[in-house]
There are 2 protein chains.
Amino acid sequence: MSSSALLDNLIEALQVMPGIGPVSATRIAYHLLDRNRNGGIELSKALSDALNNIALCPVCRNYTDHKDTVCALCSQEKRKNSALLCVVESPSDVEAIEKTGTYYGSYFVLHGHLSPIDRIGPAQIGLDELRERLEKEHIEEVILALSQTVDGEVTASYITSIARKLNIEVSKIAQGVPVGGELTSVDGNTLASSLNFRHKI
Amino acid sequence: MSSSALLDNLIEALQVMPGIGPVSATRIAYHLLDRNRNGGIELSKALSDALNNIALCPVCRNYTDHKDTVCALCSQEKRKNSALLCVVESPSDVEAIEKTGTYYGSYFVLHGHLSPIDRIGPAQIGLDELRERLEKEHIEEVILALSQTVDGEVTASYITSIARKLNIEVSKIAQGVPVGGELTSVDGNTLASSLNFRHKI
């Protein structure tokens, strides 16, 4: 209990952020109060603007600023008519792939992966919407760009089973040594995987 | 650049907090958007409430929720008429001292210490207001509870010179081994200091 109820309230509220405990929250609150009130007020505005307005694109489930409107990527003609659909776990994955400038298909963002222990089932990650898209659109190949964890693998095989029923090809992004990487600095599993998925030249 | 300008804006704004860089800011933004929008909206409200309303008490410069009104501690009769004034660097120091339940004098909060390199001079840490209080109130002893750093020492000697001119006694909280602490786990400087300031029993 400090001398100010508003301050106590702020310190409590700051702990909603992952990785921020009571000590960091107190330090942040004092810093904003003492040194950067304007920055803090702008943060307050940015938070309410973002959390009240950012919606999911009804087609790809990526974040968009305009509710009930198809997002900028999904509105591009070449994406709309693409036969490729890339499934990713997070909007930041879309960003990363777009930065490479080598993919021109459409996307589907799960916002997580199947995780029964956290009560995240197919409905929570939009797999019903994905099935609908696969049924309606003329998609020939689903590219899975999911994380290489147990939960990621389970999610991948669930999506594979949906796609196979609709006779749609499924592929997975390659695992192997990084471009420019030295073999000695790569872990054993990755190296084994890169040998396993070797391709003819 | 993500798919949402509001999201980019939020990630930028989150970096106003100390210790939060682009990577943590992105993680926090996605967490709030995906998992805890209500918590984030409450944080936005707590930030704007605190930063727009928390003021400094005109007497002790501690945080208070009511502008231009003396804070709860300074309004207590026993504090008002106390001959002791404890000078601290931060509101959290007041909290820490109050928690001990052994001090019943008044306080003065500097919100920092003298630091010419950061352009923090006497005016920025309220030393003019402190001088005014020492002149007006019947204070017999100023207790310095500042941090044991070079800047803290400089601030302490500046305040000492103000108080000495007004014939007010100045004391400094004791440095020494922590209560319940083992000698082997105490650093050398602290141990030397505890020997230096030994007292007769």
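The values are calculated or read from the model by the stated rules, or taken from the named source; none is laboratory data. Here the structure is a predicted model, which is why all the values come from computation and not from measurement. Note that each Cβ is placed from the backbone with ideal geometry, even for glycine, and that neighbours are counted across all protein chains shown. Side chains are part of the model used for accessible areas, which takes the heavy atoms of the whole protein and leaves out ligands, DNA and RNA. Shrake-Rupley method; radii C 1.70, N 1.55, O 1.52, S 1.80 Å.
Just to be sure, is residue A:47 in a helix (DSSP H, G or I), in contact with a Ser or Thr (Cβ under 9 Å, 6 or more places away or on another chain) and among the hydrophobic types (A, V, I, L, M, F, W, C)? Yes: the conditions hold for residue A:47. Just one of the listed residues (A:51, A:47) is within 11 Å of chain B (Cβ to nearest Cβ), touching a Lys or Arg at 6+ places or on another chain (Cβ under 7 Å) and buried (at least 17 other Cβ atoms within 10 Å of the Cβ), and it is A:51. Listed by position, the strands (runs of 3 or more DSSP E) inside the range B:86-188 whose residues that are crowded, with 19+ Cβ neighbours inside 10 Å number at least 2 are B:106-109, B:141-145. Among residues that are closer than 30 Å to residue B:171 by Cα and open to solvent by 70 Å² or more (accessible area, probe 1.4 Å), residue B:22 is not included.
Please count how many residues of the range A:15-35 are within 16 Å of residue B:21 (Cα to Cα) and either under 27 Å from the mean Cα position of the chain (by Cα) or more than 7 Å from chain B (Cβ to nearest Cβ) (or both).
6
For the range A:61-84, does any single residue satisfy the condition of being at pLDDT 90 or above, polar (S, T, N, Q) and farther than 29 Å from residue A:113 by Cβ? The answer is no, given that none of the residues of the range A:61-84 is at pLDDT 90 or above, polar (S, T, N, Q) and farther than 29 Å from residue A:113 by Cβ. Filtering the range B:56-77 to residues that are more than 7 Å from chain A (Cβ to nearest Cβ) and crowded, with 17+ Cβ neighbours inside 10 Å leaves B:56, B:57, B:59, B:60, B:61, B:74.
The listed residues are A:109, A:94, and the only one of them that is within 24 Å of residue B:41 (Cβ to Cβ) and within 12 Å of chain B (Cβ to nearest Cβ) turns out to be A:109. Scanning the range A:174-193 for residues that are free of Cβ contacts under 8 Å to residues at least 12 places away in the same chain, of a type in the set (S, T, N, Q) and closer than 21 Å to residue A:144 by Cα yields a single hit, A:189. Entry remark, the range B:154-173: residues being more than 20 Å from residue B:89 (Cβ to Cβ) and free of Cβ contacts under 8 Å to residues at least 24 places away in the same chain number 3 in total.
Of the numbered criteria (1) surrounded by fewer than 21 Cβ atoms within 10 Å (Cβ to Cβ); (2) touching an Asp or Glu at 6+ places or on another chain (Cβ under 7 Å), the one residue A:39 fails is (2).
Residue A:59 falls short on exactly one of the conditions (1) assigned to a helix (DSSP H, G or I); (2) under 26 Å from residue A:146 (Cα atoms), and that condition is (1).
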